[in-house]
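The values are calculated or read from the model by the stated rules, or taken from the named source; none is laboratory data. All values reported here derive from a predicted model rather than from experimental measurement. Using ideal geometry, Cβ is built from the backbone for each residue, glycine included, and neighbour counts are taken over all protein chains shown.
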């Protein structure tokens with residue numbers, strides 16, 4: 001499994017050190033500001049108020065794949081990665 005960091009602010013997703021910004025992270029629960037997931041699937045959730053960017057709690061987890069929204073992470077990263085880093089069309 002890859003190592004991920006997700007930061008709701010700015011739609012930032014970092015996969016194995018490769019960042020993308022402005023990714024669609026609308027699938028994240030409203031109270032999650034950031035997620036840090038290690039390659040073994042364990043990690044930490046940062047919960048809080050997005051409007052004020054105030055953290056209210058940190059929560060450790062053992063298996064990120066247990067979250068029903070986790071299946072969106074790699075797709076969101078890949079979609080945005082392809083948009084940001086795709087080679088320009090021929091002739092440009």
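All but one of (1) without any contact (Cβ under 8 Å) to a residue 12 or more places away in the chain; (2) surrounded by 13 or more Cβ atoms within 10 Å (Cβ to Cβ); (3) out of contact with any strand residue (DSSP E or B) (no Cβ under 7 Å at 6 or more places or on another chain) hold for residue 71; state the number of the condition that does not hold.
Residue 71 satisfies every listed condition except (2).
Go through segment 2-20 residue by residue and tally those that are under 20 Å from residue 82 (Cα atoms), in contact (Cβ under 8 Å) with a residue 40 or more places away in the chain and exposed (fewer than 13 other Cβ atoms within 10 Å of the Cβ).
1
Looking at segment 10-30 only, could you name the residues that are within 14 Å of residue 79 (Cβ to Cβ), part of a loop (DSSP other than H, G, I, E, B) and touching a strand residue (DSSP E or B) at 6+ places or on another chain (Cβ under 9 Å)?
21, 22, 23, 25
Could you check segment 42-68 and list, in sequence order, the residues that are assigned to a loop (DSSP other than H, G, I, E, B), modelled with pLDDT of 95 or more and either more than 16 Å from the chain's Cα centre (by Cα) or loosely packed, with under 15 Cβ neighbours inside 10 Å (or both)?
Scanning segment 42-68 gives 42, 62, 63, 68.
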